[in-house]
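Below: one structure, written as structure tokens.
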Amino acid sequence: MFSSVRIRLTFWYTAAMTLILVTLASVTYLVIQQNVVRRADVQAAVLADTFLSTVNAEMGDATKPDSLDDGVAAAISEHRFPDVTFAVFDPQGNLIGISDSSSEERHRAEGKREVLVSSLRSLLATPQAVHSEGFGGHRYRSYVRHFSFEQQPATLIVLQSMRRENDFLETLTGTFAIVIPLTIILAGAGGYLLARNSLSPVVAMSVQASQIGAENLEARLSVRNPEDELGHLARSFNELLDRLGVSFDRQRRFIADASHELRTPVAILCGETEVALAKKERNEQEYRETLRILADESKRLKRIVEDLFTLARADAGQYPLSYNDFYLDELASECTKNVRTLAAARRISVSFESSGEALIRADEALLRRLLLNLLDNAIKYTPAGGSVAVGCEDHEDSYYLSVQDSGPGIPAELQPRIFERFFRADKARSRSESDGGGAGLGLSIGSWIASAHGGKLELTRSTAEGSIFTAIVPKRPLSS
């Protein structure tokens with residue numbers, strides 16, 4: 001039952017409303033009860049003053065007896081109020097006089113006067129002026145006043161029945177018992193409707209989201225109010241779908257390009273093998289030529305597969321870097337020497353220049369691969385008689401490793417895409433298949449290597465006179 005958000009919201013809203021109403025009703029009841037008691041005490045004090053004033057008036061009247069008993073009796077006869085009893089005691093606790101309340105109370109108290117007088121007599125010795133008493137199943141409020149007249153001390157006790165006040169409080173309690181449940185029921189129903197209306201856009205978004213799949217990633221959630229929280233949620237989800245769409249498009253393009261790149265060497269391998277097997281008699285030179293083609297295409301296929309595997313592990317975060325201390329200038333110099341034979345075959349000169357020792361803590365194998373990829377691209381796209389220059393410069397916390405060629409450059413409209421996988425620029429910067437053309441993964445791998453070290457690989461300049469690629473690599477790992 002509580003699996004629904006609407007039910008949970010309604011439950012907590014109703015529980016909170018119940019707690020508030022019960023607390024408010026309890027506080028209200030206590031405040032009113034205290035006010036009723038205080039008013040009864042004030043009224044008892046006023047009645048005591050009036051009663052004693054009457055006693056004094058009767059005792060001071062020369063035409064009437066001046067005994068205290070007669071004065072009290074006269075005052076009692078004049079002060080007859082419903083639910084109020086006056087009792088006067090002498091210092092020894094003897095009853096001087098007591099009034100009767102209403103006929104109903106008098107009928108109820110018949111035969112119980114002695115019990116009442118005995119209970120009132122017990123109040124004479126208490127220092128408190130007001131008390132709460134219980135007689136015959138009813139609550140009473142008593143007020144004790146000590147007085148004296150012509151050196152005749154006595155004690156007046158005003159006893160008030162709290163029947164009417166209790167009836168009022170019971171009525172108030174009954175009202176609360178009816179009003180609070182009705183209010184809770186109405187509030188719960190209103191809270192459920194409010195929760196349902198508030199969450200209906202979420203339900204609609206859930207239905208729409210469940211209908212979005214790989215075949216319709218262009219679909220988007222409808223946004224009713226872009227300014228509220230649900231509108232922000234819908235926009236965030238739509239932005240997520242945008243990123244997923246871009247990723248899916250990139251993945252589809254990646255698979256298509258990978259299939260295209262793998263199909264060519266596989267087709268060559270199959271074709272050469274079939275030709276070699278179809279001809280019954282072939283000389284050694286023909287077999288050697290076929291085997292050479294098979295070996296070249298196998299190497300190319302192996303390189304493409306290794307590059308794809310490297311990028312796949314990098315995307316999955318499963319290619320840990322192995323850090324060690326070495327000199328970047330020595331690595332660059334060694335890589336420069338390794339490619340000079342390849343460059344010499346194309347009549348291209350390769351040079352290296354460093355600003356000094358470049359101690360670095362990084363993954364040596366990956367940086368070697370980055371630099372060899374840059375050098376391989378530079379030699380590929382540099383015409384015969386051209387030059388390739390490698391530089392290593394110290395810039396505060398990083399080293400700038402640059403490779404400059406003298407090729408035809410990259411068109412400006414294609415420069416933003418050069419680090420995309422399988423992307424190759426126009427024919428001026430791509431080799432033919434007969435020349436063992438690359439798969440367009442070298443710069444993608446180089447960019448990932450630089451990023452994995454906390455740096456970046458960028459195209460610094462590309463004009464008709466040549467291009468410069470710069471790898472910015474921190475001297476120390478960012479986590480150290």
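Overview of values
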quantity	calculated
Cα-centre dipole for the stretch 178-239 with unit charges at Cβ (Lys and Arg positive, Asp and Glu negative), debye to 20	240
Helix-only [θ]222 nm of the chain, DSSP H runs n ≥ 4, -39500 (n - 2.57) each, per residue, nearest 500	-19000 deg cm²/dmol
Accessible heavy-atom area order of 448, 12, highest first, probe of 1.4 Å	12, 448
The stretch 137-269, relative contact order [Cα under 8 Å, separation at least 6], %	12
Taking the chain and dividing mean pair separation by its residue count, relative contact order in percent (alpha carbons under 8 Å, at least six apart)	9
Accessible-area order (highest first, 1.4 angstrom probe) of the listed residues 58, 306	306, 58
Probe 1.4 Å, all protein chains present, accessible-area order of 291, 221, largest first	291, 221
Inter-label distance, nm, simple model (7 Å from Cα along the C-beta direction), residue 130/residue 376	10.0
Spin-label model distance (nm) - residue 168 vs residue 263, 7 Å beyond Cα toward Cβ	9.7
Fraction of antiparallel bridges per DSSP, the chain only, in percent to nearest 5	90
Two-site FRET efficiency, residue 239 against residue 458, from Cβ-Cβ distance with R₀ of 25 Å, rounded to 0.05	0.40
Added length on full extension, which subtracts the Cα-Cα distance from 0.36 nm per residue, residue 333 to residue 182	45.6 nm
Heavy atoms of residue 470 accessible to a 1.4 Å probe, total area in Å² rounded to 10	10
Computed magnitude of the charge dipole of the chain (debye, nearest 20; Cβ of K, R +1, Cβ of D, E -1)	1920
Exposure of residue 252 as accessible area (Å², to 10), given a probe of 1.4 Å and all protein chains	120
Percent of alpha-carbon pairs separated by more than 35 Å within the chain	65
Environment charge at residue 199 (Cβ cut-off 12 Å; Lys +1, Arg +1, Asp -1, Glu -1)	+2
Area of residue 381 that stays accessible when all protein chains are in place (1.4 Å probe, Å², to 10)	40
Cα-based Lys proximity count in the chain, under 18 Å, for pairs eight or more positions apart or on separate chains	4
Percent RCO, i.e. relative contact order, over the stretch 314-420, from Cα pairs under 8 Å lying at least 6 residues apart	28
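The values are calculated or read from the model by the stated rules, or taken from the named source; none is laboratory data. Quantities reported herein were computed from a predicted structural model and do not represent experimental measurements. Backbone-built Cβ (ideal geometry, glycine too); neighbour counts: all protein chains shown. Calculation scope for accessible area: heavy atoms of the full protein, side chains included, ligands and nucleic acids excluded. Shrake-Rupley method; radii C 1.70, N 1.55, O 1.52, S 1.80 Å.
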